[in-house]
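These notes are about the structure you will find just below.
Please treat every number below as a calculation from the coordinates, not as lab data. On a predicted model such as this, the values are computed, not experimentally measured, just so you know. Please note: Cβ atoms are built from the backbone with ideal geometry, for glycine as well, and neighbour counts cover all protein chains shown.
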Amino acid sequence: MKRKMRVIAAAAMAAVMIAMTGCGSSGEAEETTAETTGDGTYTVGIIQQLEHAALDEATKGFQDTLTEKLGDKVTFDYQNAQNEQANCATIATKFVSNNVDLIMANATTALQASAAATGDIPIVGTSVTDYMTAGVIESNEAPGYNVTGASDLAPVDQQIALLQKVVPDAQKVAIVYCSAEPNSQFQSQLAQAELDKAGIAWEEFTAADSNEVQAVITNAITDCDAVYIPTDNTMANNMEIIKNVTVPAKIPVITGEENMCAAGGLATLSISYYELGCKAGEMAYEILVNGADPATMPIEYVSENITPKYNAEIAAELGITMPEDMVAIGAEE
């Protein structure tokens, strides 16, 4: 069944690639076309789905780790897809044509495009919540294909517990995410289960893309006491809009990731995306240098440095006194 799901995902991506044949990449800077020389040097293609703080940190952690281990023996071809599925497909096809040694796919759409483009070149994902939902592996323990990676799944149960701690009187929570991001839907389902356990009412509000964010968040706060936003790329890229709607309305926002919180949320319980990228970099090193097979490399997770944090500026504007055991984002720890 999982194999069938991946075939379907690959077919969908392939159709996009065919439609985009001849289109140029939207990648920015640091582009190279060097191929494997057989002398112990490596070219790694990086597809970053879009530019925002969390994904940037993951890419940096990945590059720093491989550079530390390989020095000038590794060359990166970094491409930013500007959150366009067609761009992801075009970039992935380019990497395959250039015969890169490994593809690092940063976020779900980038990963799906890479998996559709090649069944041979090793692919390491990062900033992907659930690889099974993405349809690119058979299981987390034994991926079964040329794909493995590091998951950014944060402890959703603890995030909902944090929401209850920070907003103890909340009777109804709006869960807001982009409907085009399957990993966000996966997290929403986890959050719904936790809110049900706590006896707190909830309602889902989804935006199809960035153009709908303001209208959706405006609608979401009309009948809710708090907002929960999982790790969602579209929402992360529009936190300024979300802040401008929720803060005047005095509605607290709990986010799935620290950079989202820093950009306009109240509180979060977040993994470090830099460490997530480092973990993906370590996996890439094992594949490139030690011949590890992605098909047998379990999906990895970040379990360290998960700290409850809050945005002090937003807390002040909302008039909320934060628990003493929480850390202000940017404060000395």
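Run the helix sum for the chain: -39,500 (n - 2.57) per DSSP H stretch of 4+ residues, divided by residue count, reported at 222 nm to the nearest 500 deg cm²/dmol.
-13000 deg cm²/dmol
Given a Förster distance of 41 angstrom, what is the FRET efficiency for residue 197 paired with residue 82, based on the Cβ-Cβ distance and rounded to 0.05?
Approximately 0.55, to the nearest 0.05.
Could you go through the range 164-170 in sequence order and give the Karplus-derived ³J(HN,Hα) for each residue, using 6.51 cos²θ - 1.76 cosθ + 1.60 with θ = phi - 60°, rounded to whole Hz, and x for Gly and Pro?
For the range 164-170, the Karplus curve yields 5, 6, 7, 10, x, 8, 5 Hz.
With a 10 Å radius around each residue's Cβ, average the other Cβ atoms per peptide and rank 124-131, 199-206, 89-96, 213-220, highest first.
Listed from highest to lowest mean packing, they are 124-131, 89-96, 213-220, 199-206.
Within the chain, what percent of beta bridges assigned by DSSP are antiparallel, to the nearest 5?
10
Can you grab the distance from the C-alpha centre of the range 210-250 to the C-alpha centre of the range 267-307, Å, no decimals?
So the two Cα centres are separated by 30 Å.
From the backbone phi of the range 173-184, what are the Karplus-calculated ³J(HN,Hα) couplings (6.51 cos²θ - 1.76 cosθ + 1.60, θ = phi - 60°) in whole Hz, Gly and Pro given as x?
Along the range 173-184, the couplings run 10, 8, 9, 10, 7, 8, 5, 7, 10, x, 5, 5 Hz.
Just give me a number: lysine pairs in the chain, eight or more positions apart or cross-chain, with C-alpha atoms less than 14 Å apart.
Number of lysine pairs found: 4.
Among (1) 1.07; (2) 0.99; (3) 1.01, only one was calculated for this model; which label is it, if the read-out is Rg/Rh (Cα atoms, Kirkwood Rh)?
So the calculated entry is the one marked (2).
Can you give me the long-range amide H partners of residue 204? Hydrogens built in the peptide plane at 1.01 Å from N, cutoff under 5 Å, separation of 5 or more residues or another chain.
175
Spin-label point model (7 Å from Cα, Cβ direction): what's the residue 161 to residue 97 distance in nm?
5.1
For the range 59-85 and the range 109-187, what is the separation of their Cα centres, given in Å?
What the calculation gives is 21 Å, centre to centre.
With θ set to phi - 60°, apply the Karplus curve 6.51 cos²θ - 1.76 cosθ + 1.60 along the range 229-245 and write out the HN-Hα couplings as whole Hz, x wherever there is a Gly or Pro.
Values, residue by residue: 10, x, 5, 9, 5, 5, 5, 4, 7, 10, 5, 5, 5, 4, 4, 5, 8 Hz.
Just the number, please: Stokes-Einstein D of the range 215-272 in µm²/s, Kirkwood Rh from C-alpha pairs, 37 °C, 0.692 mPa s.
So the translational diffusion coefficient is about 296 µm²/s.
Tell me, in nm to one decimal, what length is gained between residue 304 and residue 331 on full extension, where the rule is 0.36 nm per residue of separation less the Cα-Cα distance?
My answer for the length gained is 7.9 nm.
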